[in-house]
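Chemist: Please see the structure below; I have some questions.
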Amino acid sequence: MMRRLLRLAAPVWPLLAGSFLARAASLLAGTAMLVVPAAAMVAAAGAGGWPLAALLGILVAIALVQGATRYLEHYLGHRAAFGLLARMRVDVFDAVAPLSADDEAASADVTTVATRDIDRIEVFFAHTLVPAATAVLVPALVVAGIAGTAGGPAAAVAGAAYALGALVVPFLGARRTARAARAEAAVRARIADHLAADADAAVDLRTLGGEEARMARLAGLEEELARAARASGRASALRAGLGLAWPFAAAIGILALATPPTLGPHLVAAVAVLGSAPAAGALAGLARSLPAALASARRYLAVIDRTPSVADPARAAAIPSGPLGLRVEGASVAPPGGTRLLEPTDLDVAAGDAVAIVGPSGAGKSTLVSLVVRRRDPSVGRVLLVGGGRSVDVRDVALANLRAAVTLVEQRPVFVAGSVLDNLRLGNSALTEAEAWRALEDAALAGDIRAHAEGLAARLGEDALNLSGGQRQRLAIARALARRPRILVLDESTSHQDSETQRAVQEGIARRGDTTLVLIAHRAEAIRGVAHVVELPARADLTGHPEHEAPCRFRS
């Protein structure tokens, strides 16, 4: 685990090395700020003294070095930190994006990994590992200096104190802290999942009177989190107290070894230990952050290492050229040990035609859509793209090619903050303004955009919340049309439109001629004008009927 954790930071090692050298120089300069005045006082108490101007000049030079190296340490450390944060979060996105509907992790859990866990790993590298390395180098240099000035016994006392402060004190209760860190990370993830589930089911909870039970469950999770935090806090308190005590004990021990002739060197040595103690104390940060970083790294790597159940075929087949039709042959979805999500279904849509899929809630409409765009694979049966006198199973097509040919518009589309044109160009960066206007016309939205003074340059807020629900849906359809799909799937994507607007959208898509339309709908108004309708039956587990009581029906 530790070896892989170190490999994560490979791209930023040069920056971390520079931050390490700068921090070491800064800490040595800080120690010198105390040692130089102490040495000047010893000299003044003896036969001679230092010129005041020289002493001031030396201190000013040391302060300038300390300030410059401190700035350089932070600059390089933050460059490394931000680079590492960006790369790790992109890696999480790249790992999660290919996951299918059958193997997606809980969204709240993934969010926790992408935020809290990655932050902890970044803190370990950029703000803990470098200080820990200097905690070894700086005390070693100070001990060598004490040995050369105050002698071996004083150096031995300083070395023993550093060993105690750097190698013993920081790791007291490390196992307990590690267990508490793992428990805390797990409980925080469960709390995130709990809150996300409550937010999604808020209306049902109020309707069914389940708030009290859910709040009681949340209180139990909070108590688990508090117990883990207390266990870690007790060990941290012990380490903090001993961390404050050992430098002064070392200084007293060094002064106890002094004789009148050697009092000066021993006094300077004691001051040097006090001045450099913060460097050694950095290992306490390592002891605190390492367990949390390892726990977070395990969760991060568990996401990164997930193998999607839907993947590109070893040898991808080409999609038929020309207009595409769609054929579903006995496709069914029944996860092992789980509830059947879709009864065996047949569907045949000619290229350029339109079909509506209807059925009660839970019948499997969205599950059928997920097979068409290959978010999951059928347990039995197959889904075929048909055209040019041949057909190809979607499982034999490269995912990028499949999703360029088949475009899905969901009921709750996602938009980015930017202009209307920026959002239309998602998925088609080469889209021209003329093509954008055509897509808006076909989606029955061009009039609304032209009414805005800025037209295509009109700014949309985050997730386009400054548009109405119907406008957002039509903008999503326009964005899909801008990709020039060969098969367009609308999953409840006109639910916020009146019947006239729904008809205008269907007519706009039909004007394209070569675009096959698959329309998922609950309301009868949404499928008016669609000649072919597929009715999915209610699932047996929802109706109490025998499992295969009613196959899907196709009517024209």
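Chemist: Considering only the stretch 407-450, how many residues are at negative phi and within 28 Å of the chain's Cα centre (by Cα)?
Modeler: Residues that pass the stated criteria total 21.
Chemist: If a residue has to be farther than 15 Å from Ala32 by Cβ, free of Cβ contacts under 8 Å to residues at least 12 places away in the same chain and not in a helix (DSSP H, G or I) to count, how many in the stretch 42-70 make the cut?
Modeler: 4
Chemist: Being touching a residue at least 60 places away in the same chain (Cβ under 8 Å), under 30 Å from Ala279 (Cβ atoms) and over 31 Å from the mean Cα position of the chain (by Cα): is that true of Pro153 here? Walk me through it before giving the result.
Modeler: Values: touching a residue at least 60 places away in the same chain (Cβ under 8 Å): yes; under 30 Å from Ala279 (Cβ atoms): yes; over 31 Å from the mean Cα position of the chain (by Cα): yes.
It is true that Pro153 is touching a residue at least 60 places away in the same chain (Cβ under 8 Å), under 30 Å from Ala279 (Cβ atoms) and over 31 Å from the mean Cα position of the chain (by Cα).
Chemist: Considering each residue of the stretch 133-154, count those that are aliphatic (A, V, I, L, M) and open to solvent by 20 Å² or more (accessible area, probe 1.4 Å), and give that number. So that I can check it myself, show each step before the final result.
Modeler: As a first pass, look at the stretch 133-154 and keep what is aliphatic (A, V, I, L, M): 133, 135-138, 140-144, 146-147, 150, 154.
From what's left, open to solvent by 20 Å² or more (accessible area, probe 1.4 Å): 133, 136-137, 140-141, 143-144, 147.
So the count comes out to 8.
Chemist: Return the only residue of Leu55, Leu27, Leu6 being within 31 Å of the chain's Cα centre (by Cα) and open to solvent by less than 80 Å² (accessible area, probe 1.4 Å).
Modeler: Values: Leu55 fails: within 31 Å of the chain's Cα centre (by Cα); Leu27 fails: within 31 Å of the chain's Cα centre (by Cα).
Result of the check over Leu55, Leu27, Leu6: Leu6.
Chemist: May I pose another question? Open to solvent by 70 Å² or more (accessible area, probe 1.4 Å) and part of a loop (DSSP other than H, G, I, E, B): does that describe Ala258?
Modeler: Details: open to solvent by 70 Å² or more (accessible area, probe 1.4 Å): no; part of a loop (DSSP other than H, G, I, E, B): yes.
No, not satisfied.
Chemist: Also, I was wondering about something else. Of (1) on the phi > 0 side of the Ramachandran plot; (2) crowded, with 22+ Cβ neighbours inside 10 Å, Gly513 satisfies all except one. Which?
Modeler: (2)
Chemist: Out of all the residues in the stretch 63-70, is one or more under 19 Å from Ala135 (Cα atoms), open to solvent by less than 30 Å² (accessible area, probe 1.4 Å) and touching an Asp or Glu at 6+ places or on another chain (Cβ under 8 Å)?
Modeler: No - not one qualifying residue is present in the stretch 63-70.
Chemist: Quick one: what pairs do we get from the stretch 365-394, first residue within 15 Å of Glu329 (Cβ to Cβ) and outside any strand (DSSP E or B), second charged (D, E, K, R) and open to solvent by 20 Å² or more (accessible area, probe 1.4 Å), C-beta under 7 Å, 6+ apart or different chains?
Modeler: Asp377/Arg395
Chemist: Could you say whether any residue in the stretch 532-550 is open to solvent by 90 Å² or more (accessible area, probe 1.4 Å) and at pLDDT 75 or above?
Modeler: No: zero hits.
Chemist: What are the residues in the stretch 80-95 that are under 11 Å from Ile304 (Cα atoms), open to solvent by 40 Å² or more (accessible area, probe 1.4 Å) and either without any contact (Cβ under 8 Å) to a residue 40 or more places away in the chain or not acidic (Asp, Glu) (or both), if any? Please lay out each step first, then the result.
Modeler: Here is the first cut: in the stretch 80-95, the residues under 11 Å from Ile304 (Cα atoms) are 88-95.
Okay, now just the ones that are also open to solvent by 40 Å² or more (accessible area, probe 1.4 Å), so 89-91, 93-94.
Within the stretch 80-95, Arg89, Val90, Phe93, Asp94 qualify.
Chemist: Among Ala135, Ala144, Ala140, which is in contact with a helix residue (DSSP H, G or I) (Cβ under 6 Å, 6 or more places away or on another chain) and among the small types (Gly, Ala, Ser)? Steps first, please.
Modeler: On the way: Ala144 fails: in contact with a helix residue (DSSP H, G or I) (Cβ under 6 Å, 6 or more places away or on another chain); Ala140 fails: in contact with a helix residue (DSSP H, G or I) (Cβ under 6 Å, 6 or more places away or on another chain).
Going through Ala135, Ala144, Ala140 in turn, just one is in contact with a helix residue (DSSP H, G or I) (Cβ under 6 Å, 6 or more places away or on another chain) and among the small types (Gly, Ala, Ser): Ala135.
Chemist: Still on this structure, I have one more. For the stretch 398-417, how many residues meet the condition of being buried (at least 16 other Cβ atoms within 10 Å of the Cβ), over 16 Å from Leu481 (Cα atoms) and touching a Leu at 6+ places or on another chain (Cβ under 7 Å)?
Modeler: Total meeting the criteria: 0.
Chemist: Might you check whether a residue that is out of contact with any Cys (no Cβ under 6 Å at 6 or more places or on another chain), open to solvent by 10 Å² or more (accessible area, probe 1.4 Å) and β-branched (Val, Ile, Thr) occurs anywhere in the stretch 340-357?
Modeler: As a first pass, look at the stretch 340-357 and keep what is out of contact with any Cys (no Cβ under 6 Å at 6 or more places or on another chain): 340-344, 346-357.
Keeping just the survivors that are open to solvent by 10 Å² or more (accessible area, probe 1.4 Å) gives 340-341, 343-344, 346, 348, 350-354.
Okay, now just the ones that are also β-branched (Val, Ile, Thr), so none.
For the stretch 340-357, residues out of contact with any Cys (no Cβ under 6 Å at 6 or more places or on another chain), open to solvent by 10 Å² or more (accessible area, probe 1.4 Å) and β-branched (Val, Ile, Thr): absent.
Chemist: Residues that are part of a loop (DSSP other than H, G, I, E, B), among the hydrophobic types (A, V, I, L, M, F, W, C) and exposed (fewer than 14 other Cβ atoms within 10 Å of the Cβ): does the stretch 452-460 have at least one? Lay out the reasoning, then the answer.
Modeler: Just the residues of the stretch 452-460 that are part of a loop (DSSP other than H, G, I, E, B), to begin with: 452-454, 458.
Right, trim to among the hydrophobic types (A, V, I, L, M, F, W, C) and you get 453, 458.
Subset that is exposed (fewer than 14 other Cβ atoms within 10 Å of the Cβ): 453.
Yes: the stretch 452-460 contains one or more residues that are part of a loop (DSSP other than H, G, I, E, B), among the hydrophobic types (A, V, I, L, M, F, W, C) and exposed (fewer than 14 other Cβ atoms within 10 Å of the Cβ).
Chemist: Oh, and also: Scan the stretch 2-17 and give yes if some residue there is closer than 27 Å to Leu290 by Cα, in contact (Cβ under 8 Å) with a residue 24 or more places away in the chain and not in a helix (DSSP H, G or I), otherwise no.
Modeler: If we filter the stretch 2-17 for residues that are closer than 27 Å to Leu290 by Cα, which is where we start, we get 2-17.
Now drop any that are not in contact (Cβ under 8 Å) with a residue 24 or more places away in the chain, which leaves 2, 4-5, 8-9, 11-12, 15-16.
Narrowing further to those that are not in a helix (DSSP H, G or I): 9.
Within the stretch 2-17, one or more residues are closer than 27 Å to Leu290 by Cα, in contact (Cβ under 8 Å) with a residue 24 or more places away in the chain and not in a helix (DSSP H, G or I).
Chemist: Confirm whether Ala524 is modelled with pLDDT under 75 and surrounded by 14 or more Cβ atoms within 10 Å (Cβ to Cβ). Quick ask: steps written out before the conclusion?
Modeler: On the way: modelled with pLDDT under 75: yes; surrounded by 14 or more Cβ atoms within 10 Å (Cβ to Cβ): no.
Judged against the criteria, Ala524 is not a match.
Chemist: For residues in the stretch 225-244 being more than 30 Å from His194 (Cα to Cα) and open to solvent by less than 50 Å² (accessible area, probe 1.4 Å), which is modelled with the lowest pLDDT? I'd like the intermediate steps shown before the answer.
Modeler: Here is the first cut: in the stretch 225-244, the residues more than 30 Å from His194 (Cα to Cα) are 237-244.
If we keep only those that are open to solvent by less than 50 Å² (accessible area, probe 1.4 Å) as well, we get 239, 241, 243.
Numbers: Arg239: 77, Gly241: 84, Gly243: 80.
For the stretch 225-244, the residue satisfying everything is Arg239.
Chemist: For Thr207, are the conditions met, namely being in a helix (DSSP H, G or I), open to solvent by 30 Å² or more (accessible area, probe 1.4 Å) and of a type in the set (Val, Ile, Thr)?
Modeler: On the way: in a helix (DSSP H, G or I): yes; open to solvent by 30 Å² or more (accessible area, probe 1.4 Å): yes; of a type in the set (Val, Ile, Thr): yes.
So Thr207 passes the test.
Chemist: Looking at (1) in contact with a Lys or Arg (Cβ under 6 Å, 6 or more places away or on another chain); (2) buried (at least 23 other Cβ atoms within 10 Å of the Cβ), find the lone condition where Thr494 falls short.
Modeler: (1)
Chemist: Separate question: Identify, from the list Val157, Val113, Val130, the residue that is modelled with pLDDT of 90 or more and either charged (D, E, K, R) or buried (at least 20 other Cβ atoms within 10 Å of the Cβ) (or both). Steps first, please.
Modeler: On the way: Val113 fails: modelled with pLDDT of 90 or more; Val130 fails: modelled with pLDDT of 90 or more.
The match here is Val157.
Chemist: Within the stretch 303-310, is even one residue over 21 Å from Ile527 (Cβ atoms), open to solvent by 40 Å² or more (accessible area, probe 1.4 Å) and not in a loop (DSSP other than H, G, I, E, B)? Walk me through how you get there before you give the answer.
Modeler: Restricting attention to the stretch 303-310, the residues satisfying the condition of being over 21 Å from Ile527 (Cβ atoms) are 303-310.
Now drop any that are not open to solvent by 40 Å² or more (accessible area, probe 1.4 Å), which leaves 304-307, 309.
Subsequent filtering for residues that are not in a loop (DSSP other than H, G, I, E, B) retains 304.
Yes, the stretch 303-310 contains a residue that is over 21 Å from Ile527 (Cβ atoms), open to solvent by 40 Å² or more (accessible area, probe 1.4 Å) and not in a loop (DSSP other than H, G, I, E, B).
Chemist: Are any residues in the stretch 160-173 open to solvent by 30 Å² or more (accessible area, probe 1.4 Å) and part of a helix (DSSP H, G or I), and if so, which ones?
Modeler: Taking the stretch 160-173 first, the residues open to solvent by 30 Å² or more (accessible area, probe 1.4 Å) are 160, 163-164, 167-168, 171-173.
Hits for the stretch 160-173 are Ala160, Ala163, Leu164, Leu167, Val168, Phe171.
Chemist: For Leu431, which of the numbered conditions (1) surrounded by 15 or more Cβ atoms within 10 Å (Cβ to Cβ); (2) closer than 21 Å to Val369 by Cβ; (3) not basic (Lys, Arg) fails to hold?
Modeler: The single condition Leu431 does not satisfy is (2).
The values are calculated or read from the model by the stated rules, or taken from the named source; none is laboratory data. Every value quoted in this text rests on a predicted model; they were computed, and no experiment measured them. So basically every Cβ, Gly included, is an ideal-geometry build from the backbone, and we count neighbours across all protein chains shown. Keep in mind that these areas ignore ligands, DNA and RNA; they rest on the heavy atoms of the full protein, side chains included. Shrake-Rupley method; radii C 1.70, N 1.55, O 1.52, S 1.80 Å.
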